[in-house]
Amino acid sequence: MDEWLRITKGKRTAHHSTIGKDRDKPSHFMQMVEFPSYEEAMRNSDLPETRHIAEEMRDACVEAPRFVNLEITRDEIVDEDAMASLMGRVVTDLGAVALAPLLVIGERLGLFSSLADGRSRTSTELADATGTQERNVREWLSAMAASGYVTLDPDGRFRLTPEQMVAFCDRESPYYALGGFQSFSAAAWLETRDKLERAFRTGEGVGWDQHHPELFSGTARFFRPGYATFLVGQWLPALDGVEEKLRTGGSVADVGCGFGYSTMMMARAFPEARCTGFDYHEPSIEAARRQAKQEGIAKHCEFEVAGAADFGGGPYDLVTYFDCLHDMGDPVGALSHTRARLADGGVVMVVEPHAEDDVADNLNPLSRAFYAASSLICVPASQAQPVGRALGAQAGEARTREVAAEAGFSHFRRATETPFNLVYELRS
């Protein structure tokens, strides 16, 4: 073979050759020769030098050589660095999946709130303070420390940094994260997972009301901190003329209001305005009514069971959709109905998860979370309704603008944004 390589230099068309010896049968050799194409392989075989070496190989073999004409269908080399990087992400995600219910348990047992003063504690001290078992608490603390959610000091005690306190203890902060973990844990509930598997096969969807009840309160808690931070202070002021109307007794319809946190925030900020929250999910509306009554704002903050395409009342100076338009089976129908309910000069505010129009521009941690939530919740919810447009939680501005135009809105602009949300202003 070395001789053949020497005498065919500049003539042969083969570009790669591998020779192997059978470990179990040392007298058995195999050679694989690669060519750019079948035609090049045939030209290589026709070389006088190739015919000569083939005869010498036959003479050297106990039996006649066997030739196989292979077509390469797959040729891949595993990049060990890339493989290690991928497995690193896999292991990280396995930990995250296992950690989600532990975070919810930690909140409910008061483990986080007991660390909220920033003092370092042993697992025994934390267990005593919360009425829990030390051995379980010790393992929980170790899992949290390994995740960077709790800090382990050199002396073996555990504490929360100021940042960790904000994320896991401060329910008013836009960075408060435990509602999201509650929502995702509920969305992956065993019975719901069975429904989702069927939905993937049939396309019939899974309605919002078909999920575990923990999803409803978890979702409300997940979005509430962001609304509390931005709604009154930034989003409403970004809408032309809306604040003034609400200060002087305007009317608001909050469509898809869920537990009504957004509705009540507007009612508290503008006591002269009349705010009504609508949602087809009766248990959520009942929870919103109880909260409004408890806060003493029920007279000008009401809640009604109604869908986006059939809510009543009006005309409204402002109609809002908070992180829900993409969940609707017929968003065009919903916005068309809304347009008919607007007062002269009325405005629609659509708040949607932050997303670019191209999937390639959304390959980041935030969009990853939204795509996952959308796969579990948003797309199946839309598919379970008439039309089933299934915009998804990462619809982006272009598709949202398209829906608004189909519904007859001639004015559409991005009024403002945060790292988590895009806020659109729609006018007829």
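The values are calculated or read from the model by the stated rules, or taken from the named source; none is laboratory data. Source: prediction; values computed, not measured. Cβ atoms come from the backbone with ideal geometry, glycine included; neighbour counts cover every protein chain shown. Side chains included, ligands, DNA and RNA excluded: accessible areas come from the protein's heavy atoms. Shrake-Rupley method; radii C 1.70, N 1.55, O 1.52, S 1.80 Å.
Below, the figures for the structure above:
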{"read-out": "For Glu302, solvent-accessible area (1.4 Å; no DNA, RNA or ligand), Å²", "value": "70"}
{"read-out": "Between region 181-235 and region 246-318, the Cα center-to-center distance that results, in Å", "value": "21"}
{"read-out": "Net charge of Cβ neighbours under 9 Å - reference Leu246; Lys, Arg +1; Asp, Glu -1", "value": "-2"}
{"read-out": "Dipole magnitude of region 1-78 about its Cα centre (Cβ charges: Lys, Arg +1; Asp, Glu -1), debye to nearest 20", "value": "120"}
{"read-out": "Under 18 Å from the Cα of Lys21 - lysines, other chains or at least 8 residues apart", "value": "none"}
{"read-out": "In degrees, nearest ten, helix 190-202 long axis to first principal axis of the chain (Cα)", "value": "70"}
{"read-out": "For the chain, accessible area per residue (1.4 Å probe, heavy atoms of protein chains only), Å²", "value": "55"}
{"read-out": "15 Å beta-carbon shell around Gln234, net charge (K/R +1, D/E -1)", "value": "-3"}
{"read-out": "Cross-link reach list, lysines versus Lys245, counting only Cα pairs under 23 Å and skipping chain neighbours closer than eight places", "value": "Lys299"}
{"read-out": "For His300, net neighbour charge (Lys/Arg +1, Asp/Glu -1) across residues whose Cβ lies under 11 Å away", "value": "+1"}
{"read-out": "Mean Cβ count within 10 Å, highest first, over the residues of peptides 255-262, 164-171", "value": "255-262, 164-171"}
{"read-out": "Sum of -39500 (n - 2.57) over DSSP H runs of 4+, divided by residues of the chain (222 nm, nearest 500)", "value": "-14000 deg cm²/dmol"}
{"read-out": "Selected from Glu56, Glu356, Glu402 as most flexible by GNM, with the chain as the system and alpha-carbon contacts under 10 Å", "value": "Glu56"}
{"read-out": "The chain: most fluctuating residue of Ser410, Ser185, Ser284 per GNM, C-alpha cutoff 10 Å", "value": "Ser410"}
{"read-out": "Net dipole in debye of region 1-145 [+1 Lys, Arg Cβ; -1 Asp, Glu Cβ; about Cα centre; nearest 20]", "value": "240"}
{"read-out": "Within the chain, percent of DSSP bridges classed antiparallel, to nearest 5", "value": "50"}
{"read-out": "Label assignment, Rg and Dmax of the Cα atoms in Å derived from the structure, set [x] 31.7, 104; [y] 23.3, 75; [z] 23.5, 82", "value": "[x]"}
{"read-out": "Solvent-accessible surface ranking, highest first, for Ile7, Ile377, Ile77 at 1.4 angstrom", "value": "Ile77, Ile7, Ile377"}
{"read-out": "Carbon and sulfur %, accessible surface of region 249-302 computed with the full protein complex present, 1.4 Å", "value": "48"}
